[in-house]
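Q: I have a structure here, written as structure tokens, and I will follow up with some questions on it.
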Amino acid sequence: MTSGKFIVFEGGEGMGKSTQARLLVEKLESEGVTVRLTREPGGTPGAEAIRALLLDPPGEGWGPEAEALLFAAARADHVARLIRPALERGEWVICDRFLDSSRAYQGRAGGVGDEAVLGLHAIGSGSLLPDLTLVLAADNSLVAKRLRERDGDRADAIGGRSDSYHSEVNAAFGRFAQEEPERFRMIEGGDSIDEVRERVWQAVAPLLEARQI
Ligand code: TMP
């Protein structure tokens, strides 16, 4: 079986993940790689429908457990219908957020716990893990400015949670990277788009070289 590479961008709100994911896709395509750019929650029609339920919830919103289950359900559909088939065709998949967002937001900040989130991932997605997870991190005041420019006062149900919730999320990503240095790379995301793009490429290029040997 030929197998592509699975690369995920992670981090808190306003870190520039979507921009860097798009730039990485352009760079890989210029190197001749067939790439799928996708995102979570979302990526398939079913998962995009769940995204809408999560970010603009009906009624009084979801409790932490229901929220964790919905993210896991969206991911299961995305993995089964888009990510695994693309990897099996030998394509590379670049995904804006994946499992570690559930571990940070629902598991740590939401209090559901890491074991429960990993358990749902085992049931839903056969515990699929990325080959490489790039965590973008930046100074809090810079991120707050970016978010004001991006969202104004229209943050979604999760982006609009308290500062302490989001600090826990950011701290969780830092801890994951320390705990599993082989799977994660921390990338300083506070500099110019070009500088961050170069750091991302330094982290990804070895995967491409390995493929070419
Ligand atoms: P986005 O704004 O990066 O597209 O992500 C949507 C929101 O969903 C963002 O606030 C992070 C949150 N999220 C979780 O809480 N858990 C998850 O598993 C994922 C993928 C996203």
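The values are calculated or read from the model by the stated rules, or taken from the named source; none is laboratory data. Treat the numbers as computed from the prediction; the structure is a model and nothing was measured. All Cβ positions, even for glycine, are placed from backbone atoms using ideal geometry, and neighbour counts span all protein chains on display. Quick note on the areas: whole protein, heavy atoms, side chains included, nothing else; ligands and nucleic acids left out. Shrake-Rupley method; radii C 1.70, N 1.55, O 1.52, S 1.80 Å.
Q: Hey, which of the helices (runs of 4 or more DSSP H) in segment 71-163, taking only ones fully inside, have at least 2 residues that are open to solvent by 20 Å² or more (accessible area, probe 1.4 Å), within 14 Å of the ligand (Cβ to nearest atom) and not aromatic (Phe, Trp, Tyr)?
A: Helices (runs of 4 or more DSSP H) meeting the threshold: 114-125, 140-151.
Q: Output the residues belonging to segment 48-63 that are within 12 Å of the ligand (Cβ to nearest atom) and either crowded, with 16+ Cβ neighbours inside 10 Å or closer than 16 Å to HIS78 by Cβ (or both).
A: Residues satisfying the conditions are GLU48, ILE50, ARG51, ALA52, LEU53, LEU54, LEU55, PRO57, TRP62.
Q: Inside segment 17-36, can you point out the residues that are within 13 Å of the ligand (Cβ to nearest atom), in contact with a helix residue (DSSP H, G or I) (Cβ under 7 Å, 6 or more places away or on another chain) and open to solvent by 30 Å² or more (accessible area, probe 1.4 Å)?
A: THR19
Q: Among the numbered criteria (1) of a type outside the set (Ser, Thr, Tyr); (2) open to solvent by 70 Å² or more (accessible area, probe 1.4 Å); (3) in contact with a Phe, Trp or Tyr (Cβ under 8 Å, 6 or more places away or on another chain), which one does ALA177 miss?
A: Here ALA177 meets the rest and fails (2).
Q: A further question follows. Criterion first (open to solvent by less than 20 Å² (accessible area, probe 1.4 Å), assigned to a loop (DSSP other than H, G, I, E, B) and not β-branched (Val, Ile, Thr)) does GLY42 satisfy it? Steps first, please.
A: Values: open to solvent by less than 20 Å² (accessible area, probe 1.4 Å): yes; assigned to a loop (DSSP other than H, G, I, E, B): yes; not β-branched (Val, Ile, Thr): yes.
Yes: the conditions hold for GLY42.
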